[in-house]
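The values are calculated or read from the model by the stated rules, or taken from the named source; none is laboratory data. Small disclaimer: the values here were computed from a predicted structure and weren't measured. Please note: Cβ atoms are built from the backbone with ideal geometry, for glycine as well, and neighbour counts cover all protein chains shown. Side chains are part of the model used for accessible areas, which takes the heavy atoms of the whole protein and leaves out ligands, DNA and RNA. Shrake-Rupley method; radii C 1.70, N 1.55, O 1.52, S 1.80 Å.
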Amino acid sequence: MGDHPSAMATYGAIVTALYQRERTGEGGYVGSSLLANGLWANGCSVQAALCGEKVVPQPPRERGLNALRVHYRCRDGHWLLLSIAADEWRWDKFKDCLGASALSDPRFSTSEGREANARELIGILDEVFAAKDLAEWRSILDAAGLIFGIVAKMEDIPDDPQILASEALVPFEDGATMTVNSPIWIKGQEKVTPRYAPAVGEHSDEVLRAAGYSDTEIGALRGEGVIG
């Protein structure tokens, strides 16, 4: 969570500087840092602290402050994470698609009531979600148009329908292995097909010939162990 965001920030700075050069003719020095990106990624909490607010640690899920924004374990051991806004129409849709009579309890009839009784509601939803596998809940929640996320395991990733449909994973040029795609798309532009990194010394002869070395000189370098 440090290196990748910092690399993306540096990429954004480079592209911005190139645009500045195109518009003004003036280049520029760009930079970023792990520290700056760490603060930026936690900007909401950091700003709250800077404004005098006390930022409390996230409580354990069983003591969550909002039952519609915590994660739940399904029957097959997989987890999902709800992210449902407090609007009453969303609660009604959520309640209907779950079909649990306990959710009609008057304590949960308003957003304020659900917040005040969040722990009790979490306990009820724990039992509800434990009754079906993730695939079943995924279909039900998707059909209702409710927002949730999958707490995926690494072994789930290669066959995940959304990952494959969005081309977040793509095959190497030989088609034998999948790899993580870059997260940037530009309409009308084709990305270079991923390829394996070369073996150590694979292109040494080619590079040295391009630099003017003869085959005899290259052979001597190899004999001395300078190149592999």
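With contacts taken as Cα pairs under 8 Å at a separation of at least 6 residues, the stretch 90-228 carries a relative contact order of 13 percent. Shown here for the stretch 145-201: chymotrypsin sites (Phe, Trp or Tyr not before Pro) in loop regions (DSSP other than H, G, I, E, B) with at most 12 other Cβ atoms within 10 Å, namely Trp185, Tyr196. By the rule of a C-alpha distance below 19 Å, with chain neighbours fewer than 8 residues away ignored, the aspartates and glutamates paired with Lys187 are Glu167.
Per-atom-type breakdown for the stretch 1-44 gives carbon and sulfur 63% of the accessible area (1.4 Å probe, protein chains only). Per residue, the accessible area of the chain comes to 71 Å², computed with a 1.4 Å probe over protein heavy atoms only.
Secondary-structure-derived ellipticity at 222 nm for the chain, considering helices only, amounts to -12500 deg cm²/dmol, per-run term -39500 (n - 2.57) for DSSP H runs with n ≥ 4.
Over the chain, how many percent of alpha carbon pairs lie in each 5 Å bin up to the one with the longest distance? Result returned by the calculation: 1, 5, 8, 10, 10, 10, 12, 12, 9, 7, 5, 4, 3, 2, 2, 1, 0, 0. Positive end of the dipole of the stretch 61-149 (Cβ unit charges, origin at the Cα centre): among Val70, Asn117, Ala135, the Cα lying farthest that way belongs to Val70.
Summing +1 for each Lys or Arg and -1 for each Asp or Glu, what net charge is found among the other residues whose Cβ lies under 12 Å from the Cβ of Tyr72? Net of charged neighbours comes to +2.
Put the Cα centre of the stretch 152-201 next to the Cα centre of the stretch 31-71 and the gap is 31 Å. Close amide-amide hydrogen proximity is noted between Val151 and Trp79, Leu80, Leu81, each under 5 Å apart and 5 or more residues distant or on a separate chain (H modeled in the peptide plane; Pro and chain starts excluded).
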